[in-house]
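Asks: Got a structure for you, questions after.
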Amino acid sequence: MAQAERSPANEDLAPIRESVRALCAKFPGEYWRDLDRERAYPTEFVAALTQAGFLAALIPEEYGGSGLSMTAAAAIMEEIQASGCNGAACHAQMYTMGTLLRHGSAAQKARWLPAIASGELRLQAFGVTEPTSGSDTLNLRTTAVREGDHYIINGQKIWTSRAEHSDLLLLIARTTPREAAPRRSDGLSVFLVDMRLAQGTGISINPIRTMMNHATTELFFDDLRVPAENLIGEEGQGFRYILSGMNAERILIAAECIGDAKWFIAKATGYAKERIVFGRPIGQNQGVQFPIARAYAQMRAAELMVGAAAALYEVGRECGAEANMAKLLAADASWAAADMCLQTHGGFGFAEEFDVERKFRETRLYQTAPISTNLILSYLAEHVLGLPRSY
Ligand SMILES: Cc1cc2nc3c(=O)[nH]c(=O)nc-3n(C[C@H](O)[C@H](O)[C@H](O)COP(=O)(O)OP(=O)(O)OC[C@H]3O[C@@H](n4cnc5c(N)ncnc54)[C@H](O)[C@@H]3O)c2cc1C
């Protein structure tokens, strides 16, 4: 498959892709199948990625990272998925980074980034969603009240993935009551919570079992004390910081979807060439070929949008529309490819040992998280096309 070999920042992507593939080859289907059965976290896989420096791709070199561009980070995530592995176990370390990098103070960056880059600290948890407010982030209810040199946090988060496998949590909470905030988007603040200090003293974590292996949880905060120095940026401006970080999240997740689509297309193509029914390979029938070809075209189109969004992001230009469209188109492409791949495999697609049903379950998530398709369409309708607000 054709791949851009150089990023807009002129990095050579081929060796990066190749070394990710080489690392992933050590974690074959049976590794993921065993974990999936037990709903266990891929600790060895995440440790290997960390050790190889891939999860520190976006951390600047001065803090011990490799200072790569968003395009290179996207290539890393894409290759993980295209190799049949599951980057959902660790993608947050890449995309939560933007908030700390862009809005953290020099002291915060110096304190946290080298330890994250070396793997000493894991920044894998991102607490935004709450059970009562859902997609309506501005209505979240978790509060942070300043008391001397601490904030006291009370409330609840849901779907906080990897909280049990992270040392740090990037948390958004309300610091000014909604009625008292000057604007709808004011009054929320972002904190870096050190969960090593917090567990058993104000934070409790309940795992949630889901249809795929995702290590997601719900969190309860009961008078959790967070040092005021862990506030990122200015109090009350957190929603803006999270929004700018979300473009990185959309681009990286979109790249993962492209990787998934490539995996499904390669798997279906291989099977369609080998499976003989009615005395010929099933792939000789256009009824089997065409859905594979269509999935390929859909993936390639989405890939272009992911590249366009990443290129805008890395030169610091506004990329909300492109990042959202990349996520929408790539999630649709991966889901269409998943369905096609399952169909191409006939009954065997449902058998665990082919890995198709596992990847099918895993990629379905991206229609809903980290932002659901409807919310992206609504963003495009209102913010790009100027249609009336619906909420
Ligand atoms: C496995 C998993 C992992 C996750 N990990 C994290 C994480 O690490 N951190 C985190 O903060 N969150 C996480 N999430 C949460 C995820 O971001 C949300 O599930 C997602 O944003 C949708 O929110 P919701 O589930 O509350 O759905 P709701 O907001 O309740 O929406 C339900 C449905 O209604 C639709 N809908 C709602 N309002 C409208 C409207 N106005 N117009 C049209 N359609 C509408 C939505 O599109 C959706 O399909 C995770 C979720 C899952 C399932």
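Asks: Provide a single number: the residues in region 118-163 that are small (Gly, Ala, Ser), surrounded by fewer than 23 Cβ atoms within 10 Å (Cβ to Cβ) and more than 12 Å from the ligand (Cβ to nearest atom). Talk me through it step by step, then tell me what you get.
Replies: So in region 118-163, the residues small (Gly, Ala, Ser) come out as 118-119, 125, 127, 133-135, 144, 148, 155, 161, 163.
Now narrow it down to the ones that are surrounded by fewer than 23 Cβ atoms within 10 Å (Cβ to Cβ): 118-119, 133-135, 148, 155.
Retained after the next criterion (residues that are more than 12 Å from the ligand (Cβ to nearest atom)): 118-119, 148, 155.
So the count comes out to 4.
Asks: Find the residue count for region 206-231, including only residues that are within 16 Å of the ligand (Cβ to nearest atom), crowded, with 18+ Cβ neighbours inside 10 Å and in a strand (DSSP E or B).
Replies: Residues in region 206-231 being within 16 Å of the ligand (Cβ to nearest atom), crowded, with 18+ Cβ neighbours inside 10 Å and in a strand (DSSP E or B): 5 in total.
Asks: Step by step: first the residues of region 335-363, then only those that are free of Cβ contacts under 8 Å to residues at least 60 places away in the same chain and of a type in the set (D, E, K, R), then the one that is farthest from Ala297 (Cα to Cα). Which residue is that?
Replies: Looking at the filtered set, the residue picked out is Glu357.
Asks: Another question about this same structure. For region 262-303, how many residues meet the condition of being of a type in the set (Gly, Ala, Ser) and not in a helix (DSSP H, G or I)?
Replies: Looking only at region 262-303, we keep the residues that are of a type in the set (Gly, Ala, Ser), and these are 266, 268, 270, 272, 279, 283, 287, 293, 295, 297, 301-302.
Checking which are not in a helix (DSSP H, G or I) leaves us with 279.
Residues flagged as of a type in the set (Gly, Ala, Ser) and not in a helix (DSSP H, G or I) within region 262-303 amount to 1.
Asks: Would you say Ala106 is more than 16 Å from the ligand (Cβ to nearest atom) and without any contact (Cβ under 8 Å) to a residue 12 or more places away in the chain?
Replies: Details: more than 16 Å from the ligand (Cβ to nearest atom): yes; without any contact (Cβ under 8 Å) to a residue 12 or more places away in the chain: yes.
Against the criterion (more than 16 Å from the ligand (Cβ to nearest atom) and without any contact (Cβ under 8 Å) to a residue 12 or more places away in the chain), Ala106 qualifies.
Asks: Considering only region 155-207, state which residues are among the hydrophobic types (A, V, I, L, M, F, W, C), over 20 Å from Ala92 (Cα atoms) and in contact (Cβ under 8 Å) with a residue 60 or more places away in the chain.
Replies: The answer is none; no residue qualifies.
Asks: Hey, another quick one. Gly236: in contact with a Gly (Cβ under 6 Å, 6 or more places away or on another chain) and within 12 Å of the ligand (Cβ to nearest atom), yes or no?
Replies: The answer is no for Gly236.
Asks: Across region 1-42, what is the total count of residues that are in a helix (DSSP H, G or I), surrounded by 18 or more Cβ atoms within 10 Å (Cβ to Cβ) and of a type outside the set (A, V, I, L, M)? Step through it out loud before you land on a result.
Replies: Filtering region 1-42 down to residues in a helix (DSSP H, G or I) leaves 13-24, 29-38.
Imposing the further condition that a residue be surrounded by 18 or more Cβ atoms within 10 Å (Cβ to Cβ) reduces the set to 13, 16-17, 20, 23-24, 32, 35-36.
Cutting the leftovers down to of a type outside the set (A, V, I, L, M) gives us 17, 24, 32, 36.
Residues in region 1-42 being in a helix (DSSP H, G or I), surrounded by 18 or more Cβ atoms within 10 Å (Cβ to Cβ) and of a type outside the set (A, V, I, L, M): 4 in total.
Asks: What about Ala106, is it hydrophobic (A, V, I, L, M, F, W, C) and out of contact with any strand residue (DSSP E or B) (no Cβ under 7 Å at 6 or more places or on another chain)?
Replies: Values: hydrophobic (A, V, I, L, M, F, W, C): yes; out of contact with any strand residue (DSSP E or B) (no Cβ under 7 Å at 6 or more places or on another chain): yes.
So Ala106 passes the test.
Asks: Could I ask something else about it? Can you tell me which of (1) of a type outside the set (Lys, Arg); (2) assigned to a loop (DSSP other than H, G, I, E, B); (3) at pLDDT 95 or above is the one Val190 doesn't meet?
Replies: So the condition that Val190 fails would be (2).
Asks: Tell me which helices (runs of 4 or more DSSP H) are completely within region 304-384 and hold 1 or more residues being among the basic types (Lys, Arg) and buried (at least 20 other Cβ atoms within 10 Å of the Cβ), or say none if there are none.
Replies: On the way: elements: 320-344, 356-364, 373-379.
Result: 320-344, 356-364.
Asks: Just to be sure, is Leu49 under 21 Å from Gln93 (Cα atoms) and either free of Cβ contacts under 8 Å to residues at least 24 places away in the same chain or not in a loop (DSSP other than H, G, I, E, B) (or both)?
Replies: Judged against the criteria, Leu49 is a match.
The values are calculated or read from the model by the stated rules, or taken from the named source; none is laboratory data. Note that the coordinates shown come from a computational prediction; the quantities given were computed from them, not determined experimentally. Every residue, glycine as well, gets a Cβ built from its backbone with ideal geometry; the counts of neighbours run over all protein chains shown.
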